[in-house]
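The structure appears below as structure tokens.
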Amino acid sequence: MFTIEGDPFLKYNPYIDSAHSILEKHWHEIVASAVLYHVILLLSPTINTLVFKEHYTSITSKKLKLNFDIHIAALVQSLVSIGLCIPMFGHPLFSSDPVFGSYDFAGFTASVTCGYFIWDLFYCCVYHFDMFGLPYLFHACAALIVFGSTYLPFCQPLIPSFLIFEASTPFVNMYWFFTRLPKGVINDTVFMVNGILLIVSFFLCRIVWGLYAAYRTFSLCFGVTDQLPFGLVPLILVLNFGLNVLNIHWFTKMVTLAYKKFSAAPKKQD
């Protein structure tokens, strides 16, 4: 199976020769990732204008326009995450040493992910707390801590088990865009297909696979807790439980909205 071992960006760390930890090797990639996602945000008005034209430029609400821009950055992040995690499933350490193993490409993936969640936490969830609220603040904090813990190292080869959750996110973002556009702009069939893919991918990736991945990870960890920092496993367990509760909550809302939409359709025809 195709996999990637190395990190071509390590050479750009000016202090690579004196790096003694995984975090010291990859810190520059975290910074670069956070900056990159903010640059994407700054470019998003141009992208949205090209894609949505007057449906975007005519928006008078600054918050709604900003939300369009933030969803562009989130969409890019989800696609990047999917691309990075796929080759990690084939790495030997995914099976042979999932708790203590470490390799450069996994460190790079963790850095790109942590950089995004640092940007997401401070720019979206703190600076614009009024737009996103407590659930998204918890999600950003928890995700940053979970992926940040992999620098110890801790379960670094298992990063793809949780990053694959992002396979549902492109459909989430497309749904968000579709529901903010005027009625009739998006074809009903396109809207329905995206909705089905959203619900199916969210259920399979975040609920079914997510619960299995959590069970597998903590089954591995509980056998070696004496070799890990005190309190690490309980902390990650609590955060993971909270993230799973959020995913179940969001999935329930999706199914409820879908049920209301499709159950209302026949009534309009009568």
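The values are calculated or read from the model by the stated rules, or taken from the named source; none is laboratory data. Keep in mind that what you see is a predicted model, and the values were worked out from it rather than measured. Glycine gets a Cβ as well: all are built from the backbone with ideal geometry, and neighbour counts include every protein chain shown.
Scanning segment 99-118 for residues being among the aromatic types (F, W, Y) and surrounded by fewer than 24 Cβ atoms within 10 Å (Cβ to Cβ) gives a total of 4.
If the condition is being surrounded by 19 or more Cβ atoms within 10 Å (Cβ to Cβ) and in contact with a Leu (Cβ under 8 Å, 6 or more places away or on another chain), then segment 121-135 contributes L121, C125.
Results for (1) part of a helix (DSSP H, G or I); (2) within 16 Å of the chain's Cα centre (by Cα); (3) buried (at least 19 other Cβ atoms within 10 Å of the Cβ); (4) touching a residue at least 12 places away in the same chain (Cβ under 8 Å), shown as yes or no for each residue.
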| site | (1), (2), (3), (4) |
| --- | --- |
| I159 | yes, yes, yes, yes |
| V185 | no, no, no, yes |
| M192 | yes, no, no, no |
| W209 | yes, yes, no, yes |
| F218 | yes, no, no, yes |
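Within segment 18-47, work out how many residues are closer than 19 Å to Q156 by Cβ and not acidic (D, E). Of the residues in that region, 11 qualify.
Scanning segment 72-112 for residues that are free of Cβ contacts under 8 Å to residues at least 60 places away in the same chain, within 15 Å of C155 (Cβ to Cβ) and within 20 Å of the chain's Cα centre (by Cα) yields a total of 2.
Residues checked against (1) closer than 26 Å to K65 by Cβ; (2) of a type in the set (G, A, S):
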residue	(1), (2)
A143	yes, yes
S149	no, yes
L152	no, no
F178	yes, no
P182	yes, no
V185	yes, no
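Given the options F9, F52, name the one that is in contact with a Phe, Trp or Tyr (Cβ under 8 Å, 6 or more places away or on another chain), modelled with pLDDT of 95 or more, surrounded by fewer than 20 Cβ atoms within 10 Å (Cβ to Cβ) and more than 24 Å from V185 (Cβ to Cβ). Being in contact with a Phe, Trp or Tyr (Cβ under 8 Å, 6 or more places away or on another chain), modelled with pLDDT of 95 or more, surrounded by fewer than 20 Cβ atoms within 10 Å (Cβ to Cβ) and more than 24 Å from V185 (Cβ to Cβ) holds for just one of F9, F52, which is F9.
Against the condition free of Cβ contacts under 8 Å to residues at least 40 places away in the same chain and within 16 Å of Q77 (Cα to Cα), how does S201 come out, does it pass? Judged against the criteria, S201 is not a match. When you scan segment 245-262, do you find a residue that is under 30 Å from F89 (Cα atoms), surrounded by 14 or more Cβ atoms within 10 Å (Cβ to Cβ) and without any contact (Cβ under 8 Å) to a residue 24 or more places away in the chain, even just one? Among the residues of segment 245-262, not one is under 30 Å from F89 (Cα atoms), surrounded by 14 or more Cβ atoms within 10 Å (Cβ to Cβ) and without any contact (Cβ under 8 Å) to a residue 24 or more places away in the chain, which makes the answer no. Residue count for segment 82-119 satisfying the condition of being more than 30 Å from F222 (Cβ to Cβ) and in contact with a Phe, Trp or Tyr (Cβ under 9 Å, 6 or more places away or on another chain): 2.
Say whether the condition of being touching a Ser or Thr at 6+ places or on another chain (Cβ under 8 Å), assigned to a helix (DSSP H, G or I) and in contact (Cβ under 8 Å) with a residue 12 or more places away in the chain is met by at least one residue in segment 59-66. It would help to see each step written out before you state the result.
Within segment 59-66, the first condition is being touching a Ser or Thr at 6+ places or on another chain (Cβ under 8 Å), and the residues that meet it are none.
So far as segment 59-66 goes, no, none of its residues is touching a Ser or Thr at 6+ places or on another chain (Cβ under 8 Å), assigned to a helix (DSSP H, G or I) and in contact (Cβ under 8 Å) with a residue 12 or more places away in the chain.
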